[in-house]
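First comes the structure, then the notes that go with it.
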There are 4 protein chains.
Amino acid sequence: MNTSPTGIYYGDYLRLDRLLSAQAPESDRLGRPAHDEMLFIVVHQAYELWFKQILYEMESVREVFARPVVDDRQIGSVVHTLHRIAAILKLVIGHLDVLETMTPLDFLDFRDLLYPSSGFQSLQFRLIEQGLGLRRDDRLDFDKKPFDVRLDETDRKRLRKAGAGPSLSDQIDQWLARTPFVELGGYRFQEEYRRAVDEMLERDAAIVGESPALDESGRKVQLDGLAAAQKRFAAIFDEKRHARQGGWRFTLKSLQAALFINLYRDEPALQLPFRMLSLLMDIDETLTAWRYRHALMVQRMIGMKLGTGGSSGHDYLRQTADRHRIFGDLFALSTFLIPRSALPPLPEAVRRAMTYRYAEDPEA
Amino acid sequence: MNTSPTGIYYGDYLRLDRLLSAQAPESDRLGRPAHDEMLFIVVHQAYELWFKQILYEMESVREVFARPVVDDRQIGSVVHTLHRIAAILKLVIGHLDVLETMTPLDFLDFRDLLYPSSGFQSLQFRLIEQGLGLRRDDRLDFDKKPFDVRLDETDRKRLRKAGAGPSLSDQIDQWLARTPFVELGGYRFQEEYRRAVDEMLERDAAIVGESPALDESGRKVQLDGLAAAQKRFAAIFDEKRHARQGGWRFTLKSLQAALFINLYRDEPALQLPFRMLSLLMDIDETLTAWRYRHALMVQRMIGMKLGTGGSSGHDYLRQTADRHRIFGDLFALSTFLIPRSALPPLPEAVRRAMTYRYAEDPEA
Amino acid sequence: MNTSPTGIYYGDYLRLDRLLSAQAPESDRLGRPAHDEMLFIVVHQAYELWFKQILYEMESVREVFARPVVDDRQIGSVVHTLHRIAAILKLVIGHLDVLETMTPLDFLDFRDLLYPSSGFQSLQFRLIEQGLGLRRDDRLDFDKKPFDVRLDETDRKRLRKAGAGPSLSDQIDQWLARTPFVELGGYRFQEEYRRAVDEMLERDAAIVGESPALDESGRKVQLDGLAAAQKRFAAIFDEKRHARQGGWRFTLKSLQAALFINLYRDEPALQLPFRMLSLLMDIDETLTAWRYRHALMVQRMIGMKLGTGGSSGHDYLRQTADRHRIFGDLFALSTFLIPRSALPPLPEAVRRAMTYRYAEDPEA
Amino acid sequence: MNTSPTGIYYGDYLRLDRLLSAQAPESDRLGRPAHDEMLFIVVHQAYELWFKQILYEMESVREVFARPVVDDRQIGSVVHTLHRIAAILKLVIGHLDVLETMTPLDFLDFRDLLYPSSGFQSLQFRLIEQGLGLRRDDRLDFDKKPFDVRLDETDRKRLRKAGAGPSLSDQIDQWLARTPFVELGGYRFQEEYRRAVDEMLERDAAIVGESPALDESGRKVQLDGLAAAQKRFAAIFDEKRHARQGGWRFTLKSLQAALFINLYRDEPALQLPFRMLSLLMDIDETLTAWRYRHALMVQRMIGMKLGTGGSSGHDYLRQTADRHRIFGDLFALSTFLIPRSALPPLPEAVRRAMTYRYAEDPEA
């Protein structure tokens, strides 16, 4: 219902006067017009619009997890929102196809005018990384200086302030740690799973031992592999090993819950949590792919190092692609999966707890 | 565990001998080599590979719905599979970017050698359409002849045979009709919703009647709009109007259930059904967009009709884009949505039935 | 060289204060916050940023063609710019994947607040269409009213003013008409081509007449087809038929030049003109595909008409997809291509004129 | 003209019997059906179809450059073909979006059945890399063994045999070295360019020396930067430095020609060579992005290494992304570009040689 006599006009609604007057090429200001600076500005402004949207969506997800109890009704909308963020990041990667229509020579026409401003100074991008869970210490130093030395005082403060509370990664860690099903009644997922893993590895060892197709050296290779697997699995069962191994971010309890969700994802109450964990991985992976492609683009524009030599902007960017991963723990979990055929069935009471109430008792 | 001493070789596993010997350009056979025929063949073979995969995935979805009772555990995997089909269709659209690197002149080098074979003869594509729910009578005739006149006898029979059972659209219709929550205990969604719609429209009429901002003619326009809305909504409440209106495929009961799912999608038991309906729309829309872009490509290759004149391959294709929609009912439902602010809250018993069992009773 | 002591800061350079303060949801202003309105605003602002960029790029192309003589040195950069515009349009289509993460119910939360503003009021989009060559009379009326009735007075005037000069389509028409090679020395492309077409059709008729594989009715079908082809080709040879046929936008002379460029595209002087014509088709086709997908999206949001009934926003949009084509003439040309095997070879003098000067005379 | 009475049937033409019977899941053969193995097979078969097409297109490009004199008429079609290869590679990257709908747990259902077959054994992919120019010694060893130890004897031989002649990189190197314009009449590009670079750097040094905005330390930083630039530029002027620096693949002469093409790309005879070099970079970059995204996907499927530890399949793949670059020289060239404002104008005779013959002398 809109009962205003004239209503809203498209251009006013979108503040087009403000939006479309915000492109101010330095090359124009200095009387050295460089055609492609407009593209450069528009691509980066489009990025910043999308960063604003991503932060806005992240905020709504973090509000859900900030509550003492997370309502199951909201997991659907969290999944929806994470899916949107992933879709935006895919679109953002697509911007490189447009930016790369700028040639290095065209960039050179205005490149020095922008110095020392740089994408490193995008506060919003830093806020996204930090909000997802990238901590100060996770970040690669640039030229042995902390990453935020290039931000101005105001932005540095805003970033620090925004980093005060728990990140999405922290929230997910806490939420996973509260998963009720991994210890329900007498059921202990950790014990059941450990037994299943042991049995699987023993069974495999027996097969290897008896297989007529293997010669001695082949047999040894396989048995060594099984021994290594056993050792590897220990990290998911044992607090000390988990701590000693280093590199993990989530608590052992959360990791086990995430494993449980992955393994029993078809149970009604786990279907959306499973989607949620997958989408966090999608987001992390897409962000990583973007950093890498961005590094390739910079290399093309600025030139590639040959032979030996010090680090460069491009090298730095390329290294952050891997280094600035946030949900690496979720990717690492694949190592601990066992085939469904070896998976222990859930006790009826646990399964039942994860079904919808109507299912057995429609009029309840 | 693979205990074979040598194991499988990549090329054998993928049957590359067979796969990579299946490209036989007619222009080579006839001694008139045309460079781009290879691309033409490879694109269409890639299509057919993906059609096979789509049919394979559709089969697994249809098996789930073929059972007398659909296990909630499987809805997660149905959603997963539909998501995969949508992803494949997006990839399939992307093939046009490659095919369009062929120019009309290059196509002309071998175009007449292929006559009268044509994409119309893709049995697998017809099976996909039919399996999703496109019925014989839904199809646009081509040159006043039934669409399958161009298939050979064997393919025509296979198509007919495959069309004997219920399509996915039929299955979804039946599944929706069994949604328990729309009539649960004393709750009748249809009545509650009708009342909410009536109240909303009355409230709007009152606002319009009193609004000082509207002059007489403005007021009339708005009131006419509200009267039209009331009439439109009747189709979703009344069996007779639903039947009389024509064009609907789903029963009234199923439509109401789909509406319910859309409106209360945050309830745990509706989150995945909502995703499922959305994905069916994604699939329908992507298929439609593909048909349309395919028609544009054909037009570019073959030429565009100017002035008046009979229909052509391109016109036919373009018309099927809209005409061969399958889940149009789901798109039409948007007309019947009311804002969340006007939505009647669910009775506690209905909400409860849609939660997970553990939620209130963790040890149940 | 930037010798300023502090230099430019990223956020200042991109006017982020202005850009990121330009999102003002109506639903917030009215105290009825609707989460997805932000996405709606950001998508449309991103569109408008890209429209600005497209207009900026189009301007530089139109400047090249506005000069009395078009320097061959600039055709390379025209091709480059058209390629960029095509890349931007592909990115713009990708925005729909993000916008469609908004559900119809979420849209309903703020949809009526925006009335009557609409994408129809995007001045920049109208400027793009008009600049490319969409004329007032080409446009489909909406509700029997001229399309610009929905623009405000200022925008209507700006649009009219911008439409005063020749469009890109006009410029290309004029540029094609001046192609020197189609009448060079004693060479007349039109005559040579006409002869080749006649010979080809006669040769085909002879084959049909003698083919033992054809029965009488098959022979008749083929011969009728050849007669129809002969008639069709007349439009490209004869001023009167060209005029009578209607629907053509380019002059006969320009069409013949475009045909020449397509047929002899490998000659050095035609390689870039050929790329240019192809890119104009890419742009037209991508714009068309976008209109169509946009119409599908609107349909999903607003609902689909069933049964009979008046036109709607969605129907209008879908119809403009085909109707608002701009370079249809270039697509129609495919009808007039003949296979390379039937193509008359160019006289040496004409070929020579189209080579680079160094080729035969390196020290010239 | 097709005068056969019945003509070709779509399914026969595409050898669908062969194509669609080539999917033979191991999990079916062993009676342990795993749903997602079909997807795994189809994705890899689609890859191999596209690899065949890429090899086919590369072959036609390499034939052009294998001739003693490269006809300018064919550069247009080389550009066209490289553009197609780039488009195919983009499509190939898109396949990952589909493959990633397979979860790690679903992969585990059949993963061990495939051992030890692996994508490393794709002969066609090795042929593509090798044909483009990846040499045996460029390749990263895997587990200290040569990369081709995993190919079978037949494939290893085919690969070696195919590697006998010059790669595309070799051919481009040779073709660039013959560019006539860099030494034409009395013109020596190398000398002109060296002078321009020196002048530019001196001018910059003067500005830095006089700038009141710089303090001593700022001045020093800038002057050090200019000295470094001077040293860097030496590699492009001096045979010995070029050789000593290492890492270069192209000869100095070819690098200078490529630089010339980049700097004067608007001259008619350089427009397509410029496009060609850009497309070689696109292909290299897209291949690199694919390797990286493939590595991310493998990591997701198999698990991510945490803490310290030996290398893994994923690490290897990730490292090849950068290491297996082929046209790195072209990317490195950006370092040697100078702004157009500092570029020495071409002598009239050189410009003239690069124009079309008709331009000054239409009836020639």
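The trypsin sites (Lys or Arg not before Pro) of segment D:1-92 include none that meets both conditions, a loop assignment by DSSP and at most 11 other Cβ atoms within 10 Å of the site Cβ. Take each residue in D:264-277, count the other chain C-beta atoms within 10 Å of its C-beta, and the mean is 5.
Report the local net charge at C:Q74: Lys and Arg +1, Asp and Glu -1, summed over other residues whose C-beta lies under 13 Å from its C-beta.
Local charge sum for C:Q74: -1.
What shape does segment B:179-218 take by its C-alpha gyration tensor, where a ≥ b ≥ c are the square roots of the eigenvalues and a/c under 1.5 counts as rounded, a/b above b/c as prolate, and the rest as oblate?
Values: a/c = 6.69, a/b = 4.75, b/c = 1.41.
Note, shape of segment B:179-218 comes out prolate.
Distances between equivalent label points of C:D12 across the copies, with each point positioned 7 Å along Cα→Cβ, amount to 3.4, 6.9, 7.6 nm, shortest listed first. Between A and B, which A residue has the Cβ nearest their rotation axis, distance in Å? Taking the axis that maps A onto B, the answer comes out as A:R357, 3.
From the Cα gyration tensor of the protein assembly as shown, with a ≥ b ≥ c the square roots of its eigenvalues, which class applies: rounded if a/c is under 1.5, or else prolate if a/b is larger than b/c, or else oblate? Rounded is the answer for the protein assembly as shown, as its axis ratio a/c remains below 1.5. Between the helical axis of C:123-132 and the longest alpha-carbon principal axis of chain C there is an angle of about 10 degrees.
Across identical copies of the chain, C:S341 has label-point separations of 5.6, 5.9, 7.1 nm, listed in ascending order, with the point defined 7 angstrom from Cα along Cα→Cβ.
Close amide-amide hydrogen proximity is noted between C:F142 and C:F147, each under 5 Å apart and 5 or more residues distant or on a separate chain (H modeled in the peptide plane; Pro and chain starts excluded). Using alpha-carbon pairs under 8 Å, 6+ residues apart, how would you state the relative contact order of segment D:168-364 in percent? This gives 29 percent for segment D:168-364. Across the identical copies, the 7 Å label point of D:R195, projected outward along Cα→Cβ, sits 5.3, 8.9, 9.4 nm from its counterparts, in ascending order. Listed cross-link partners A:K220/D:K144; C:K90/C:K231; A:K52/A:K161; B:K220/C:K52; B:K220/C:K144; B:K144/C:K253 are compared with a 28 Å cut-off, the Cα-Cα value being larger for C:K90/C:K231; B:K220/C:K52; B:K144/C:K253. Summing charges over all other residues whose Cβ lies under 13 Å from the Cβ of D:T103, with Lys and Arg as +1 and Asp and Glu as -1, gives 0. Rounded to the nearest 10 degrees, the inclination of helix A:153-162 to the longest alpha-carbon principal axis of chain A is 30 degrees. Using only side-chain charges placed at the Cβ, +1 for Lys and Arg and -1 for Asp and Glu, the dipole size of chain A relative to its Cα centre rounds to 820 debye. Sparsely packed loop sites in segment C:138-214 (the trypsin sites (Lys or Arg not before Pro) outside DSSP H, G, I, E and B with at most 15 other Cβ atoms within 10 Å) comprise C:K144, C:R178. Under the convention that each Lys and Arg Cβ holds +1 and each Asp and Glu Cβ holds -1, the size of the dipole of segment D:81-153 around its Cα centre is about 360 debye.
Taking the convex hull of the Cα atoms, report for chain C its projected area averaged over all directions, in nm².
Quarter of the Cα hull surface area: 29.0 nm².
Within 11 Å, Cβ to Cβ, of B:R15, how many net charges do the neighbouring residues add up to if Lys/Arg are +1 and Asp/Glu are -1?
Values: positive: B:R18, D:R18; negative: B:D12, B:D17, D:E48.
Net charge around B:R15: -1.
Relative to the longest principal axis of the Cα atoms of chain A, the long axis of helix A:189-210 lies at roughly 70 degrees.
Centre-to-centre separation between the Cα atoms of segment D:164-199 and those of segment B:85-159: 50 Å.
Every number in this text was worked out from the coordinates using simple rules, so none of it is lab data. Bear in mind that the values here come from a model prediction, so they are computed numbers and not experimental data. Virtual Cβ from ideal backbone geometry, glycine too; neighbours counted across all protein chains shown.
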